[in-house]
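Following: one structure in structure tokens, then a few remarks.
Nothing in this text is a laboratory measurement; each read-out follows from the coordinates by a stated rule. Just so it is clear, the structure is predicted and the values come from calculations on it, not from any experiment. Cβ atoms come from the backbone with ideal geometry, glycine included; neighbour counts cover every protein chain shown.
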Amino acid sequence: MAPAAPDNLLHTLERTFGFLTFRPGQEAACRAIVEGNDVLVVMPTGSGKSLCYQLPGIVAGGTALVISPLIALMEDQVATLNSLGLRADRIHSGRTRELSRTAALAYRDGKLQFLFIAPERFAVPGFVEFLARRKPCLIAVDEAHCISQWGHDFRPDYRMLQRYFPLLRPAPIVALTATATPVVQNDIVTQLNLQQPLRSIQGFRRKNIAIEIIQTPPAARPAVVIQTLAEASRRPAIVYVPTRSESDALAVTLSEHFRSAPYHAGLATPRRAEIQDQFLGGQIEVIVATIAFGMGIDKPNVRTVIHTALPGSVESYYQEIGRAGRDGLPSRAILIHSYADRHRHDFFFNRDYPEPDVLDGIFQLLTSKPIAKDALAKRSGLDPDLFDTALDKLWVHRGAQIDPGENVTRGEAGWKDSYTSQTERRAVQLELMLRYAAADCCRMAALVRYFGDRTDTQSSCGLCDFCAAEQCIVQRFRDATMSEVRIARSVFRTLAGGFAKSTGKLHSEICPDGKIDRDGFEELLAAAARAGLISLQAAVFEKEGKQIPYRTARLTRDGESVEEGEPLHLQLRDREPRSRASRKSVRFSKAHLSKAQAPKSRPQNDLSNRPLLEALRAWRLAEARTKKLPAFRIASDNLLHGIVEDQPRTEEDLLAISGIGSSFIKHYGPAILRIVSTFE
Ligand code: ADP
Ligand code: ZN
């Protein structure tokens with residue numbers, strides 16, 4: 001491929017897209033691709049990633065293949081490109097065979113500049129060979145974190161892609177994602193076999209969001225939300241809560257003070273659209289949303305984002321606070337949590353990731369001879385929900401093969417390692433979130449580091465509760481007592497000369513009498529760190545195979561020059577004492593989860609409308625066959641039972657059924673409503 005002159009890129013940027021300049025990272029990525037190099041682009045949502053494959057696609061000539069897991073996204077992209085006068089089409093399960101065929105032929109005849117493809121298409125026999133008859137000018141893999149089981153949205157379809165790419169080379173590959181830690185970045189590079197890719201990882205620093213993190217018990221959190229939002233300049237606001245019922249309840253409480261509404265997947269579509277419109281229009285000032293529900297709200301002037309509980313990963317936390325201050329004006333992100341939040345996470349974790357033994361029990365029942373899923377479930381003796389979850393995981397990790405008729409055969413023995421490392425990774429993600437919340441360092445700099453943004457200066461933000469304690473609105477501080485100041489001076493003396501010491505050792509050396517307990521001591525060190533006198537570093541050591549986190553303290557240059565008689569102004573957080581356990585490493589104990597907490601599954605035996613259930617099952621089987629997917633991937637048994645129970649007449653009714661979302665309705669809504677109506 002001929003190297004494109006930078007002018008050519010710039011010229012096309014202006015002529016085709018109407019943009020006068022590149023955004024950070026775009027130009028280097030585009031240039032590398034037109035020169036035939038592989039590229040990994042990791043930039044936050046809204047930073048302009050699509051241009052990084054669209055512009056090179058046009059400049060290079062030929063057809064760019066774009067692999068994307070989301071039909072809605074594909075449709076949007078194709079519509080945008082078409083509106084710019086570009087020739088783009090797509091192949092995915094939401095289109096008729098005829099339309100997909102037309103798109104494929106247009107590709108073969110060289111009539112397309114962009115062809116979007118859903119990943120599962122690659123598994124269709126002969127499809128890649130067909131594509132390979134005309135080599136693409138580049139291959140873009142959108143939402144590339146889906147390829148990594150370290151990422152939070154692993155998709156087995158994506159894992160297969162690398163098998164097919166050699167046939168399509170020498171086209172350069174550009175992998176794009178908004179959310180990938182350095183581990184995930186490396187995994188993407190390995191999985192896609194990218195050749196010395198340019199890594200464009202940037203744009204994670206948000207300069208207008210002041211982050212504050214406080215520890216508060218659950219019962220006191222609504223009051224903190226009300227207090228925070230009392231000042232009009234802190235609204236509009238998004239409050240993230242962990243469950244739908246909390247969304248409903250908190251919205252009612254807040255309504256006494258502000259115009260508020262809940263926002264979650266359990267609300268009927270028209271109601272949600274209405275709330276969204278009112279929030280965008282300013283009639284609603286505070287929206288109380290569940291974390292699980294991806295919000296399509298792009299409102300530039302959100303002044304505050306509050307989390308009323310600990311998110312499950314730093315990735316999701318970052319995505320959510322990123323909705324504050326899109327207009328660039330000063331905004332706040334406040335996270336309210338306590339150590340008890342871990343239990344809730346443990347609960348979901350245990351529900352979604354059964355013990356490997358449970359999966360193994362199923363695996364042992366499998367042979368190369370197909371067994372019907374229902375018979376397997378019976379033989380396993382497992383609770384139906386647990387069985388479904390376990391079989392799904394076994395399938396994802398290739399321990400089981402399931403044909404469209406729901407017959408199961410034994411898969412690869414290597415599933416266990418793959419599954420274990422994924423579950424461990426989930427545990428680590430939560431631990432990293434806990435550590436992030438507990439760290440005493442600049443909150444924004446820590447986020448930028450988390451995503452491995454090396455273009456960033458790593459400087460302190462000057463806005464967060466570490467950098468600018470005096471500007472905190474929720475956190476309360478008090479002056480250090482005389483005795484605390486004396487202890488701080490001993491710390492400085494002990495660390496003089498540039499030594500780093502673990503904070504545990506420092507405590508036992510300086511306070512052997514226990515005059516100040518370990519939590520108080522840690523807070524005193526945190527205060528000295530906020531004053532810029534010491535730096536605290538998180539570290540980990542291994543003991544008997546366990547990772548044990550600890551912190552070290554070291555004097556900064558300012559700390560070295562503190563004179564004995566000089567007054568010390570230290571401000572300590574006024575808070576409930578940190579729980580002892582919070583310093584321990586995170587482990588997932590199953591013991592403290594009582595059965596009573598488990599979500600109730602639908603009664604599966606007292607269904608009065610058997611014929612409807614059978615009809616739905618037959619429909620599911622047919623869908624599974626055409627899509628070449630196991631039937632439970634189309635709809636779980638629980639979901640079908642929900643339909644039988646609720647007898648939905650409208651899409652709105654469908655949405656009220658647990659497990660049904662808008663994409664399900666888009667695909668299957670009309671068919672299901674048709675079936676239900678014939679059984680009324
Ligand atoms: P991402 O995929 O990273 O979430 P998009 O590619 O959707 O972001 O881009 C976000 C917005 O930025 C789009 O409206 C796009 O047209 C616009 N955009 C992209 N690049 C530029 C640029 N160089 N100058 C101005 N606007 C741009
Ligand atoms: Zn900061």
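If you take the Cα atoms of the range 277-403, find Rg, then find the Kirkwood Rh from the mean of 1/r over all pairs, what is Rg/Rh?
In the range 277-403, Rg relative to Rh is 1.18.
Most tightly packed first, judged by the mean number of other beta-carbon atoms within 10 Å of their residues, the peptides 251-259, 639-647, 56-64 read 56-64, 639-647, 251-259. Full extension of the segment from Glu509 to Gln364, taken as 0.36 nm per residue of separation minus the current Cα-Cα distance, would add 46.7 nm.
Sorted on the mean count of surrounding Cβ atoms within 10 Å across their residues, most packed first, peptides 398-411, 650-663 read 398-411, 650-663. Projecting label points 7 angstrom from Cα along Cα→Cβ for Glu274 and Ser459 puts them 4.9 nm apart. Classify the range 1-82 as rounded, prolate or oblate from the Cα gyration tensor: take a ≥ b ≥ c as the square roots of its eigenvalues, call it rounded if a/c is under 1.5, otherwise prolate when a/b beats b/c and oblate if not. Because its axes are fairly even, with a/c under 1.5, the range 1-82 counts as rounded.
Of the residues Pro512, Phe466, Thr481, the one whose Cα sits farthest toward the positive end of the charge dipole of the range 461-512, with +1 on the Cβ of Lys and Arg and -1 on the Cβ of Asp and Glu, is Pro512. Cβ-Cβ distance of Gln475 and Gln647, R₀ of 51 Å, FRET efficiency by 1/(1 + (r/R0)^6): the value works out to about 0.50. Convex hull volume of the C-alpha atoms in the chain, normalised per residue: 186 Å³.
The long axis of helix 637-646 is offset from the longest Cα principal axis of the chain by roughly 80 degrees.
Each of Ser68, Thr409, Leu310 was scored by the projection of its Cα onto the charge dipole of the chain, and the greatest displacement toward the positive side belongs to Thr409; charges sit on the C-beta of Lys, Arg, Asp and Glu. Check each of the trypsin sites (Lys or Arg not before Pro) in the range 70-138 and keep only those in coil by DSSP with at most 10 other C-beta atoms within 10 angstrom; list them in order. Qualifying residues, ordered by number: Arg133. Sorting 502-513, 445-456 by their mean Cβ neighbour count within 10 Å, with the most densely packed peptide first, gives 445-456, 502-513. Measuring r between the beta carbons of Arg617 and Lys666 and using R0 = 25 Å, the FRET efficiency lands at 0.70. Against the chain, whose longest principal axis is taken from its Cα atoms, helix 482-495 shows a tilt of about 70°. Measuring between their Cα centroids, the range 397-442 and the range 197-268 lie 29 Å from each other. Using C-alpha pairs below 8 Å separated by at least 6 residues, the relative contact order for the chain is 11 percent. Of all DSSP bridge pairs formed entirely within the chain, close to 30 percent run antiparallel.
A Förster distance of 35 Å, applied to the separation of the beta-carbon atoms of Ala500 and Thr190, puts the FRET efficiency at 0.55. About its Cα centre, the chain has a charge dipole of approximately 1060 debye under the convention of +1 per Lys or Arg Cβ and -1 per Asp or Glu Cβ, with nothing else charged. For the pair Glu355 and Glu35 in one chain, pulling the backbone fully straight at 0.36 nm per residue adds 110.4 nm over the alpha carbon distance.
Take the Cα pairs of the range 409-523, get the Kirkwood Rh, then feed it into Stokes-Einstein at 10 °C and 1.306 mPa s and tell me D in µm²/s.
Rounded, D is 87 µm²/s.
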